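First up is the structure itself, then whatever we jot down about it.
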Amino acid sequence: MSFSQVADYANSWLERLNIDVDKVVDLFVYDPSSPLLFNTGLFFVLFVAFIIIYRVFRSTRTLRMLFVILFSLFFYYKSSGLCCLILLGVAVSDFLLGLWMDAVRERGQRGVMRLIVALNVLANVGMLAYFKYFNLLIESVNSLFTTNFDTLELLLPAGISFFTFRSISYIVDLYRGVLPACRRPLDYIFFLTFFPPLLAGPVVRAKDMLPQIAANPVATREMTSQGVWLIIVGLIKKMVIADYISGNFVDRVFDNPALYSGFENLMATFGFTIQLYCDFSGYSDMAIGLALLLGYKFADNFNAPFKAESPTEFWHRWHISLSTWLRDYVYIPLGGNRCSRPRAYFNQFATMVIGGFWHGASWMYVIWGGAHGLLLVGHKMVKGVLPHGATREEITEEGEIVTRPTLGARILASPLLRGFNIIITFCFVAATFMLFRARSLEDVSTMWTQIFHNFHLDVAPQFVTGYLAIVCAMLFGYIVHITPSFITGRVRRWFCASPLIIQAILLALAILIVIQVRSSDLVPFLYLQY
């Protein structure tokens, strides 16, 4: 039987089954309006097939790695088209630069090692500058000098900031001697293309993942349960809370803030704050959960950031993989705090501005980063003038020396003050997120004008009744967020200890809830554009 006869025979069977061949083919072709994301039905179906084949290849390491790499490249292709070749090119380039780094290290050629780091950083930063910031530069030049240069039609590769950060950290860590160069090309390509954290993090470092890849891990029963739990939590965060709040309230207010009262503008700001958290941490939860199903462990990327008592603590809890990356590869190379206090403050501020600029081609992100830089510097200045002594020594009537907390330490540790610090920190953070979401400073000015001059608290009852579902979604998100960790941990442990049938039922129930509340249009994760 010839190939054409086989094709005709297959098509006849597909026609009998009423399957449109062209639509099936379209599912596997890049469509910018329909990326392959964790919150799509297509991904769920493909991942089920993927995990079955992945388990079949368990005993054949090379075949299994090739299969994961091909699936990861296909996953990225569905999000960014032929830009998957850029990702593959970066992986091959890093691998070769790593071998070169090891070779020149043995000869003690520190200058050449610095050259390799410079080449890697320039290549990655150059890609970011071209794809993310070239048009912003053109627009800024046009507005400053009244020129009329044309911007370019550029396709921004999804998650480009995340894989370039992983690339830079690998080469810099080689230079610092943190880890040896990867000797197996498949291992490094697997690391850089691994699909769960590819589009929106967390920023996984080579020193944490390459040893796991070399060990050829297998998911245990506990890892599988943890992974399913995180996927359920991530889906609910993203599609039940974030997407619902966004499409039905937050976007409307931020698009036209002058049409809404100050109370509604304030509620939209608090709404966007929990929306961004649920959207971004939901992706991280699903990415970490999917990796666990494949046998790989990543560190948590969020740790209840709205429980933070200071701006500094907030950044120890929010997007942890990015904040630690900025600390290790920007703040410390700038000098960190190993310098004069004013210089340390500048290093902190500059690091946050760079972090803001990393988020995208908009001066609003730079201003947002600068605002957080000022908050961090302000907090460190306040801490610098507070008394450091937390204890004092006293002599009892019996002549014994005892150590007691100072009055200042008791005040700082009091639940009332801690609660006050949490509320103030949250309000500052939410105010900065207004900069993050608004289209322009003019919109931010309009929102603050409405809040301070047209607040109209009297609309609160109508707001609650008119947006009851929105209010419930926001309250649910915040209440779960501030619930003590020992309670949420107990629920998580109960789930992981439950029989597989119970876990499957709860997963199916979560999917059913998601289907019921999801919007008709696909809502991409917010951090895909970064």
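The values are calculated or read from the model by the stated rules, or taken from the named source; none is laboratory data. Everything quoted here is computed from the prediction, not taken from an experiment. Cβ coordinates were reconstructed from backbone atoms using ideal geometry, including for glycine residues, and neighbour counts include every protein chain displayed. With ligands, DNA and RNA removed, areas are computed over all heavy atoms of the protein, side chains included. Shrake-Rupley method; radii C 1.70, N 1.55, O 1.52, S 1.80 Å.
Structure above, values below:
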quantity	calculated
Accessible area (Å², per residue) of the range 425-502, counting only protein heavy atoms and a probe of 1.4 Å	60
Shape of the range 73-203, Cα gyration tensor, a/c cut at 1.5	oblate
Rounded if a/c under 1.5, otherwise prolate or oblate - the chain, Cα gyration tensor axes	rounded
Potential lengthening between residue 154 and residue 354 on full extension [0.36 nm per residue; Cα-Cα distance subtracted]	69.7 nm
Ordering of 196-204, 148-156, 134-142, 232-240 by burial proxy (mean other Cβ atoms within 10 Å per residue, highest first)	196-204, 232-240, 134-142, 148-156
Ranked by how many other beta carbons lie within 10 Å on average, peptides 487-493, 351-357 from highest	351-357, 487-493
Of 78/132; 237/307; 78/237; 207/383, pairs whose Cα-Cα distance is over 28 Å	207/383
Distance between modelled label sites at residue 138 and residue 215, nm, 7 Å Cα→Cβ extension	4.9
Mean ellipticity per residue at 222 nm, deg cm²/dmol - from DSSP H runs of n ≥ 4 across the chain, formula -39500 (n - 2.57)	-21500 deg cm²/dmol
Simple label model, 7 Å out from Cα along Cβ direction - residue 445 to residue 29, nm	4.9
Dipole magnitude of the range 421-530, debye to nearest 20 (Cβ charges: Lys/Arg +1, Asp/Glu -1, about Cα centre)	520
Cα-centred dipole magnitude for the chain, charges only on beta-carbon of K, R (+1) and D, E (-1), debye, nearest 20	1640
Calculated from backbone phi, Karplus (6.51, -1.76, 1.60) coupling profile of the range 112-119 in Hz, x at Gly/Pro	5, 4, 5, 4, 5, 4, 4, 4
Carbon and sulfur %, accessible surface of the chain computed with the full protein complex present, 1.4 Å	66
Centre separation in Å (Cα based) which lies between the range 479-530 and the range 289-337	22
Of 193, 265, 432, farthest towards positive along the dipole that unit charges on Lys, Arg, Asp, Glu beta carbons give the chain	193
Calculated FRET value between residue 110 and residue 482, using beta carbons and R₀ = 51 Å, to 0.05	0.55
Computed over the range 182-279, the ratio Rg/Rh where both radii use C-alpha atoms and Rh is Kirkwood	1.19
Å² per residue, accessible surface of the range 153-218 at 1.4 Å	29
At 1.306 mPa s and 10 °C, Stokes D of the range 426-530 from Kirkwood alpha-carbon radius, µm² per second	88
FRET efficiency, 1/(1 + (r/R0)^6) with R0 45 Å, evaluated for residue 146 and residue 457 via beta carbons	0.50
For peptides 455-463, 118-126, sequence by mean Cβ density within 10 Å, most packed first	118-126, 455-463
